[in-house]
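Notes to accompany the following structure.
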Amino acid sequence: ELARGIEIGHIFQLGRTYAHALGLDVLDADGRHVTVTMGSYGIGVSRAVAAIAEANHDDLGFVWPDEVAPADVHIVVVGRSADHGRTADALAREAEAAGLRVLLDDRSLSPGVKLTDAELIGVPRVVVVGRGLGDGVLECIDRRRNDRRDVPVGEVVASLAAS
């Protein structure tokens, strides 16, 4: 059977050639000198990340699996009022208290830049604190399911914890 694969580790069986050249002897269980058999193995962290990226992306960018994502939720503040900032801070504290790992983007950049960065960073769940706040809702995005919905502010953390 032929199938595509990604090499994330390797093993090199070096045998005794180098051990003989270096005089690498050890004592066996009976106390006799024997030449060691050498080998080398490795798992590449960058290869593992590349394999995860290849298997977990959409048209917008990377989507980390929950198990290795840098955060559980990425809160992006796109509104410029003090209410937007206060709501995002309170939401971040509430989410952390619920055991979620939070990435909060409250940089003073354009909404487009911050939302594009959120797509590229790839946290699987994004909460946008923006226009909907006036109506008491925040936009919740599940990148893995390609789902966007407005959730009442008071229900966001419970919704995140349930997903």
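The values are calculated or read from the model by the stated rules, or taken from the named source; none is laboratory data. The structure displayed is predicted, hence computed values, not measured ones. Glycine gets a Cβ as well: all are built from the backbone with ideal geometry, and neighbour counts include every protein chain shown. When the accessible area is computed, the model is the full protein with side chains, heavy atoms only, and any ligands, DNA or RNA have been set aside. Shrake-Rupley method; radii C 1.70, N 1.55, O 1.52, S 1.80 Å.
Taking the Cα atoms only, what angle lies between the long axis of helix 111-121 and the longest principal axis of the chain, rounded to 10 degrees?
30
For the range 15-163, what % of the accessible area comes from carbon and sulfur atoms, probe 1.4 Å?
After summing per-atom areas, the C and S share lands at 54 percent.
Which of rounded, prolate or oblate describes the range 123-163 when judged by the alpha-carbon gyration tensor and an a/c cut-off of 1.5?
Oblate is the answer for the range 123-163, as a/c is 1.5 or above yet b/c matches or exceeds a/b.
Hey, got the dipole for the range 18-133? About the Cα centre, +1 on K and R Cβ, -1 on D and E Cβ, debye to the nearest 20?
The dipole magnitude comes to about 400 debye.
Would you mind calculating the gained length between Arg107 and Ala55 on full extension (0.36 nm times residue separation, minus the Cα-Cα distance), in nm to one decimal?
Difference between extended and current length: 15.7 nm.
Would you mind working out the accessible area per residue for the chain, using a 1.4 Å probe, and quoting it in Å²?
65
Note down the relative contact order for the range 26-107 as a percent, whole number, built from C-alpha pairs under 8 angstrom at least six residues apart.
Answer for the range 26-107 is 22 percent.
Where is the GNM fluctuation largest for the chain (alpha-carbon springs, 10 angstrom cutoff): Glu67, Glu139, Glu94?
In the Gaussian network model the winner is Glu67.
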